[in-house]
Every structure is written in structure tokens, then in C-alpha cells.
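Take a look at the structure below.
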Amino acid sequence: MAVAMSSRCPGLYCGRMMVNGSVEGECGVCPWGERTNTQKVCERCTESPDLYDWLYLGFMAMLPLVLHWFFIEWYSGKKSSSAFLQHVTAMLECSVSALVTLLLTEPLGKLSIRSCRVQMLSDWYTMLYNPSPDYVKTLHCTQEAVYPLYTLVLIYYAFCLVMMMLLRPLLVKKIACGLGKSDRFKSIYAALYFFPILTVLQAVGGGLLYYAFPFIILVLSLITLAVYMSASEIQSFKSLLTKKKRLVVLFSHWLLHAYGIVSISRLDKLDQDLPLLALVPGPALFYILTARFTEPSRILSEGSNGH
């Protein structure tokens, strides 16, 4: 159903095209890379992502890398010496995929991208806001109002999957000598499962993740650090410093803590936000200082002595 030219377009995301300086056509969906302005006219996305947008993209880019590292470590086993090279290869795959994705996004050949700023949660779910004028016919105006934050992540995941299938099988076949034939490819099989899951997660929950990812980072990094230190029986600074791997894991979690704090604060006020980074070592120090008092064997022995 055509909407009168003199009236404003209905709905939140329906607009008209701007042709040769004049507004023409009927109300409808804006082309990819454009969104409606306050006058309900399709306008090209020309802004640059702000710090929070880049941090969101960085979080979505880290997810497959962290999962790669987890499953490589999980399936490598203690006897295998191939884990380190697989970790490096996974980082190479994700880094090259991110680089290619940015270069193929407008403006082509540059590491910068043009975007439309996220204004509210509904910008991620425009399909739910197609208007029905007079309740007769639905006007379909589904578009990427958050261009390119939605599709950029999906394209990146596709490149990650392609790069993994090109590089990892050859590497694993040559260097994973400490593993059986059925075990050496399990980290790759795991990726074939989690990439579709990540794709669905971005497609369905991208908007929710956009607003919640700083808190997700902080909570998950705290939980995983506590689980790792408990499983490794780290109860003193001496036991922490005995192995380089433990220090690598610790510093990796500290980087995640700092990433989450920066994402929450957005560094709007440097004089107030930067001191918050001093809290990064806090959870690890608290765990080491209190671990001896919460050891199960000690609690059980004290309980039996009390009886």
C-alpha cells in the first residue's frame, strides 16, 4: 500500500530515497549502508565507530580465538608438543580474517570503516518493527540500522572458518605426532560446532551482546580464573611462579579484566576511569591470600577436631 508523499513514513525504520537532492519514491526499506534520519529520509552511513563499537567488535573477534585455544589445550594432552604451534596458527587465522574483513568493508582497502551509530536496542532488530498502516498491509522495512556491526561479525566468522580449513589440517597432520589419529583433529571438529553456534548467537542476540559484553567479560574471566587456579592447586605466589604457563594464563585474564573495565567505563573521564585499572590484579591476589583458609581438607580436619 502506497503512503502519501506528503505524509511522514510510518514506523521507526521506513524511509524514502534521496535522488538528486530531492526526496522521491514511496516509503520502504533503505539500501544497505544507509538508515533513516529524523526526517524519515534514507541517509548514507558516514560516521566512524566510536571506542565502544570497536571494543564490541574486538569482543566478537576474540570469541572464536578463545574457543580455539580452549579446545586445542583440551584435546592436545600433556604428551603433545604441538599445542603451542596450534595456538599460534589459530591466532594467525583470526588475525588474517579480521584484516581481510576490514579491508573488504567500505571504504575498500582501508582499515577504517564507515558506520551508523547505534541509538537504541531496536536498531539491532528492525525486522520486529515493520509497520502496518491501517492494519491492512505490512510495510517491510527490515534493514541493517547498525551498519556494519551486524554483518561485519558474520563475514569475519566466515573467513575464520575458511582460514582454519585451509591451514589447520595440514599443520595438525604434520606436527601432532603425540596424539592418536582420531584425537589430532578433534580441535578442528570442535570449531565446526562452535562456529555455527557463534553465528546464531550473533544473528539472534547481537543487540543484547552489544550492551552486555563488558559484564560478560568480567564475570567469565573471574570464573575461569578461579576455576583454573583451583584446578592447578595454586595457593601461594611461589606455586604461581613455578611454571611459565601459569603466568601466561594469569596475564591473559588480567588483560580480559582490563578490557572489561575499559568497555564499561568507555574512558569518558580519564582521570576517573584509568585508576580503575589498578583493580585488575585484585581477584588473583584475593584468591591467593584466602585460598589456604578455604581448602576443603583443612575445613574437614578442623570440623573433625571440633567434634
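The values are calculated or read from the model by the stated rules, or taken from the named source; none is laboratory data. Just so it is clear, the structure is predicted and the values come from calculations on it, not from any experiment. Virtual Cβ from ideal backbone geometry, glycine too; neighbours counted across all protein chains shown. Just the protein is used for accessible areas: all its heavy atoms, side chains included, with ligands, DNA and RNA removed. Shrake-Rupley method; radii C 1.70, N 1.55, O 1.52, S 1.80 Å.
I'm trying to understand the selection: among the residues of the range 140-159, which are more than 15 Å from Glu106 (Cα to Cα) and under 13 Å from the mean Cα position of the chain (by Cα)? Listed by number, the residues that qualify are Leu154, Tyr157.
Scanning the range 76-89 for residues that are modelled with pLDDT under 80 and part of a helix (DSSP H, G or I) returns Ser76, Ala83, Phe84. Open to solvent by less than 40 Å² (accessible area, probe 1.4 Å) and closer than 25 Å to Trp54 by Cβ - does that describe any residue in the range 133-144? Checking the range 133-144: at least one residue is open to solvent by less than 40 Å² (accessible area, probe 1.4 Å) and closer than 25 Å to Trp54 by Cβ. In the range 207-225, which residues are open to solvent by 20 Å² or more (accessible area, probe 1.4 Å) and among the small types (Gly, Ala, Ser)? Within the range 207-225, Ala212 is the sole residue that qualifies. If you go through the range 114-132 and pick out every residue that is under 23 Å from the mean Cα position of the chain (by Cα) and either open to solvent by 50 Å² or more (accessible area, probe 1.4 Å) or not aliphatic (A, V, I, L, M) (or both), you end up with 13. The one condition from (1) more than 14 Å from the chain's Cα centre (by Cα); (2) modelled with pLDDT of 80 or more that Gly180 does not meet is (2). For the range 66-87, the count of residues that are within 30 Å of Leu220 (Cα to Cα), β-branched (Val, Ile, Thr) and touching a Leu at 6+ places or on another chain (Cβ under 8 Å) is zero. Residue pairs whose Cβ atoms lie under 7 Å apart, separated by 6 or more positions or on different chains, with the first residue in the range 148-169 and open to solvent by less than 60 Å² (accessible area, probe 1.4 Å) and the second among the basic types (Lys, Arg), do not occur.
Restricted to strands (runs of 3 or more DSSP E) entirely inside the range 1-72, those with at least 3 residues that are closer than 22 Å to Gly206 by Cα are 34-36.
Within the range 93-113, can one find any residue that is closer than 30 Å to Thr138 by Cα and surrounded by fewer than 17 Cβ atoms within 10 Å (Cβ to Cβ)? Explain how you work it out, then say what you get.
Here is the first cut: in the range 93-113, the residues closer than 30 Å to Thr138 by Cα are none.
No, there is no match, as no residue in the range 93-113 is closer than 30 Å to Thr138 by Cα and surrounded by fewer than 17 Cβ atoms within 10 Å (Cβ to Cβ).
Taking only the range 5-46 into account, find how many residues are touching a Lys or Arg at 6+ places or on another chain (Cβ under 8 Å), open to solvent by 70 Å² or more (accessible area, probe 1.4 Å), under 22 Å from Ser132 (Cα atoms) and β-branched (Val, Ile, Thr). Adding up the residues that qualify gives 0.
Pairing each residue of the range 221-247 that is over 13 Å from Leu285 (Cβ atoms) and hydrophobic (A, V, I, L, M, F, W, C) with any residue that is open to solvent by 80 Å² or more (accessible area, probe 1.4 Å) and part of a helix (DSSP H, G or I), provided the two are 6+ apart or on different chains, yields C-beta distances under 9 Å for Leu247/Leu241. Listed by first and then second residue, the pairs linking a residue in the range 82-106 that is closer than 18 Å to Phe59 by Cβ to a residue that is of a type in the set (S, T, N, Q) and modelled with pLDDT of 90 or more, with Cβ atoms under 6 Å apart and 6 or more places separating them unless they lie on different chains, form an empty list.
On the given criteria, is Ile234 outside any helix (DSSP H, G or I), aliphatic (A, V, I, L, M) and either modelled with pLDDT under 90 or on the phi > 0 side of the Ramachandran plot (or both)? I'd like the intermediate steps shown before the answer.
Details: outside any helix (DSSP H, G or I): yes; aliphatic (A, V, I, L, M): yes; either modelled with pLDDT under 90 or on the phi > 0 side of the Ramachandran plot (or both): yes.
Criteria met by Ile234.
Considering the conditions (1) closer than 18 Å to Asp53 by Cβ; (2) within 16 Å of the chain's Cα centre (by Cα); (3) not β-branched (Val, Ile, Thr), Ala258 is excluded by exactly one of them, (1). Report yes if Phe213 is among the aromatic types (Phe, Trp, Tyr), within 22 Å of Leu279 (Cβ to Cβ) and either in contact with a Phe, Trp or Tyr (Cβ under 6 Å, 6 or more places away or on another chain) or in a loop (DSSP other than H, G, I, E, B) (or both), otherwise no. Yes.
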